[in-house]
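Trainee: First, the structure itself, so that you have it in front of you.
Only the coordinates and a few stated rules stand behind these numbers; no lab work does. Bear in mind that the values here come from a model prediction, so they are computed numbers and not experimental data. Quick reminder, even Gly has a Cβ in these numbers, built from the backbone with ideal geometry, and neighbours come from all protein chains shown.
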Amino acid sequence: MIAAVILAAGAGRRMGGPKAQLLIGGDTLLRRAARVALEAGCAPVVAIIGEGDPGPGVEGVQFLPNPQAAEGMASSLRTGIAALPLAVEAVLILAVDQVEVDAALLRRLLALAAADPSRPAACAYEGTLGVPAVLPRRLFPDLLALRGDRGAKAILLREGATALPFPGGSADLDTPADLKRFRR
């Protein structure tokens, strides 16, 4: 069983508001990320949202508010990992604002992770590794130990994660200009 944790609790300071609620093609980024994770076959799917953010009510997705979201990404990772059942063998971590992520990419990443279940698998872009990424249960304590605005990158690099090339990985929405460019 491979779960998905969607990181969607950020305040979106540079965007001017929470990115999870941005509309792309008639759907919010959060609803889109949840749908993609479900289509890829992840279960359970847990979306970590900001306190007070409305969960979009996607069937099969658990929406958990992160009251410590101001700390940064690590608090959302901890919230998501702590919510996973013991039967989960690995977790797929994805960010809500990576607009080029689709179910086909996630299925390829999951297959890569299944080839060596003890090792993480991650997308490779801009000369490094990042999310989406799959980390086995043995690394959950490392994820739970993260603090501040740090994600899993250091763990992926330390563990020599298997890389899946993803040229669109750096296409995320951080600013209104990014959103405008993407909508064109």
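Trainee: Taking a ≥ b ≥ c as the square roots of the eigenvalues of the Cα gyration tensor of region 49-134, is the shape rounded (a/c under 1.5), prolate (a/b larger than b/c) or oblate? Could the numbers behind the result be given before it?
Mentor: Details: a/c = 1.66, a/b = 1.49, b/c = 1.12.
It is prolate, given that a/c is not under 1.5 and a/b is the larger ratio.
Trainee: Sticking with this one: Rank-order 123-130, 23-30 by packing density, defined as the average count of other C-beta atoms within 10 Å over each peptide's residues, highest first. List each step's numbers first, then the result.
Mentor: Details: 123-130: 17.9, 23-30: 15.8.
Sorting 123-130, 23-30 by mean packing, highest first, produces 123-130, 23-30.
Trainee: Follow-up question, since we're still on this one. Which net charge results for the neighbourhood of C42, defined as the other residues with beta-carbon distances under 13 angstrom from its beta-carbon, given Lys and Arg at +1 and Asp and Glu at -1?
Mentor: Working: positive: R35, R107; negative: E39, E89.
Residues near C42 contribute 0 overall.
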